[in-house]
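K.L.:
Dropping the structure in here first, questions after.
The values are calculated or read from the model by the stated rules, or taken from the named source; none is laboratory data. On a predicted model such as this, the values are computed, not experimentally measured, just so you know. So basically every Cβ, Gly included, is an ideal-geometry build from the backbone, and we count neighbours across all protein chains shown. Quick note on the areas: whole protein, heavy atoms, side chains included, nothing else; ligands and nucleic acids left out. Shrake-Rupley method; radii C 1.70, N 1.55, O 1.52, S 1.80 Å.
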Amino acid sequence: MAAAAGLVPLETSIVSPLGRHSASLIFLHGSGDSGPGFRKWIKQVLNKDLAFHHIKVIYPTAPPRPYTPLKGGISNVWFDRIRIALDCPEHLESINVTCQVLTDLINNEVKSGIKKNRIILGGFSMGGCMAMHLAYRFHQDVAGVFALSSFLNKFSAVYQAIQKNNGVLPELFQCHGTVDELVLYSWGEETNSMLKHLGVSTKFHTLPKYYHEIRKPELEKLKAWILTKLPEEVEENNE
């Protein structure tokens, strides 16, 4: 997907790798949050940054826009929607614009020397939905996708794009709390079942008694999965 001219670059909060940078992770926040705010939340949960020896972690901030569930109030959201519901139609116009600006972010990593298959896209809540749109519709050659407490609408454009695809699709890592009161567990489960039916390799983790939140065990599972998809590259010794 070519990025459109004139779009303002996203503000980002970055956790640099501790060693040689050979992979990147783009982690998208939920509705109304920000890159720095989301990073701070994860740091509070882990008592440290989510950091890797070789992976750069990028937390972008969604541009402010009028958000219909807030009666048109301005919020940092990746896209607009009528309401948070499984059967609600997607607001593809705003989703597609965000895919363009996030494509710029991916392209910047590629220009810096990181291969596309060394990039993972993921997010929490709305951010996870956005990551699935970005990966499965426009960047099917990334290393993997993750969605925490997220869902896709019943007739999502993501499903339509996957049905037209004949190639290998990135694996999806998904977690969902059984007592999530905002994004129902059944919505996440249905999203996973649909993607699996369409040929996506998925890992679905049920989190008993988790609400719409992130906890340390979930992040530890995520970190372990990230390292299976983006292992540290061994430098060749030419001596």
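K.L.:
Against the conditions (1) modelled with pLDDT under 95; (2) open to solvent by less than 10 Å² (accessible area, probe 1.4 Å), where does Leu102 fall short? Just the number, please.
P.N.:
The number of the failed condition is (1).
K.L.:
If we scan the stretch 173-194, do we find a residue that is assigned to a loop (DSSP other than H, G, I, E, B), in contact with a strand residue (DSSP E or B) (Cβ under 7 Å, 6 or more places away or on another chain) and crowded, with 16+ Cβ neighbours inside 10 Å? Steps first, answer last, please.
P.N.:
Taking the stretch 173-194 as the starting set, the residues that turn out to be assigned to a loop (DSSP other than H, G, I, E, B) are 178-184.
Then drop every residue that is not in contact with a strand residue (DSSP E or B) (Cβ under 7 Å, 6 or more places away or on another chain), which leaves 178.
Subsequent filtering for residues that are crowded, with 16+ Cβ neighbours inside 10 Å retains none.
The answer is no, given that none of the residues of the stretch 173-194 is assigned to a loop (DSSP other than H, G, I, E, B), in contact with a strand residue (DSSP E or B) (Cβ under 7 Å, 6 or more places away or on another chain) and crowded, with 16+ Cβ neighbours inside 10 Å.
K.L.:
Got a number for residues in the stretch 78-87 being under 19 Å from the mean Cα position of the chain (by Cα) and over 16 Å from Ser149 (Cα atoms)?
P.N.:
Matching residues across the stretch 78-87 total 3.
K.L.:
Also: Kindly indicate whether Thr206 is without any contact (Cβ under 8 Å) to a residue 60 or more places away in the chain and part of a helix (DSSP H, G or I).
P.N.:
On the way: without any contact (Cβ under 8 Å) to a residue 60 or more places away in the chain: yes; part of a helix (DSSP H, G or I): no.
So Thr206 fails the test.
K.L.:
Moving to a separate point now. Take the residues in the stretch 71-99 that are among the acidic types (Asp, Glu) and touching a Lys or Arg at 6+ places or on another chain (Cβ under 9 Å); name whichever of them is surrounded by the most Cβ atoms within 10 Å (Cβ to Cβ). Walk me through how you get there before you give the answer.
P.N.:
Taking the stretch 71-99 and keeping what is among the acidic types (Asp, Glu), we get 80, 87, 90, 93.
Pick out the ones that are also touching a Lys or Arg at 6+ places or on another chain (Cβ under 9 Å) and you get 80, 87, 90.
On the way: Asp80: 17, Asp87: 9, Glu90: 21.
Per the criteria, the residue is Glu90.
K.L.:
Are there any pairs with C-beta distances below 7 angstrom linking a residue in the stretch 27-51 that is touching a residue at least 12 places away in the same chain (Cβ under 8 Å) to a residue that is among the hydroxyl-bearing types (Ser, Thr, Tyr) and part of a loop (DSSP other than H, G, I, E, B), with the two at least 6 apart or on different chains, and if so which?
P.N.:
Between residues of the stretch 27-51 that are touching a residue at least 12 places away in the same chain (Cβ under 8 Å) and residues that are among the hydroxyl-bearing types (Ser, Thr, Tyr) and part of a loop (DSSP other than H, G, I, E, B), the close pairs are Gly30/Ser125; Ser31/Ser125; Ser34/Thr61; Gly35/Thr61.
K.L.:
What residue, among those in the stretch 195-236 that are of a type in the set (Phe, Trp, Tyr) and open to solvent by less than 60 Å² (accessible area, probe 1.4 Å), is nearest to Ala143 (Cα to Cα)?
P.N.:
At the first step, the residues of the stretch 195-236 found to be of a type in the set (Phe, Trp, Tyr) are 204, 210-211, 225.
Within this subset, residues satisfying the condition of being open to solvent by less than 60 Å² (accessible area, probe 1.4 Å) are 204, 210, 225.
Details: Phe204: 17, Tyr210: 27, Trp225: 11 Å.
Filtering first and then ranking leaves Trp225.
K.L.:
Another question, then. Against the definition (modelled with pLDDT of 95 or more and under 18 Å from Phe52 (Cβ atoms)), how does Ala143 come out, yes or no? Don't jump to the end; show me each part of the working.
P.N.:
Values: modelled with pLDDT of 95 or more: yes; under 18 Å from Phe52 (Cβ atoms): yes.
It is true that Ala143 is modelled with pLDDT of 95 or more and under 18 Å from Phe52 (Cβ atoms).
K.L.:
Restricting attention to the stretch 11-44, and to residues there that are open to solvent by 30 Å² or more (accessible area, probe 1.4 Å) and touching a helix residue (DSSP H, G or I) at 6+ places or on another chain (Cβ under 6 Å), which single residue is farthest from Ser125 (Cα to Cα)?
P.N.:
Thr12
K.L.:
Cβ contacts < 9 Å: first residue closer than 15 Å to Tyr159 by Cα, restricted to the stretch 173-193; second residue open to solvent by 60 Å² or more (accessible area, probe 1.4 Å) and assigned to a loop (DSSP other than H, G, I, E, B), any location; separation 6+ or different chain. Result?
P.N.:
Glu190/Lys154
K.L.:
List every residue pair whose Cβ atoms lie under 6 Å apart, where the two residues are 6 or more positions apart in sequence or sit on different chains, the first residue falls within the stretch 67-81 and is touching a residue at least 24 places away in the same chain (Cβ under 8 Å), and the second residue, located anywhere, is of a type in the set (Phe, Trp, Tyr).
P.N.:
Hits for this filter: Ser75/Tyr67; Val77/Tyr67.
K.L.:
Within the stretch 45-70, take every residue that is touching a Gly at 6+ places or on another chain (Cβ under 7 Å) and farther than 25 Å from Val101 by Cβ and give me the one that is most open to solvent (accessible area, probe 1.4 Å).
P.N.:
Initial filter on the stretch 45-70 (touching a Gly at 6+ places or on another chain (Cβ under 7 Å)): 53-54, 59-61, 66-67.
Remaining after also requiring farther than 25 Å from Val101 by Cβ: 53-54.
Details: His53: 91, His54: 7 Å².
Filtering the stretch 45-70 for residues that are touching a Gly at 6+ places or on another chain (Cβ under 7 Å) and farther than 25 Å from Val101 by Cβ, the one most open to solvent (accessible area, probe 1.4 Å) comes out as His53.
K.L.:
If I ask for residues that are over 18 Å from the mean Cα position of the chain (by Cα), within 18 Å of Leu18 (Cα to Cα) and not basic (Lys, Arg), which ones from the stretch 33-56 would you list?
P.N.:
Hits for the stretch 33-56 are Leu46, Asn47, His53, His54.
K.L.:
Across the stretch 110-128, which residue is farthest from Ser24 (Cα to Cα) among those that are open to solvent by 10 Å² or more (accessible area, probe 1.4 Å) and part of a helix (DSSP H, G or I)?
P.N.:
Lys111
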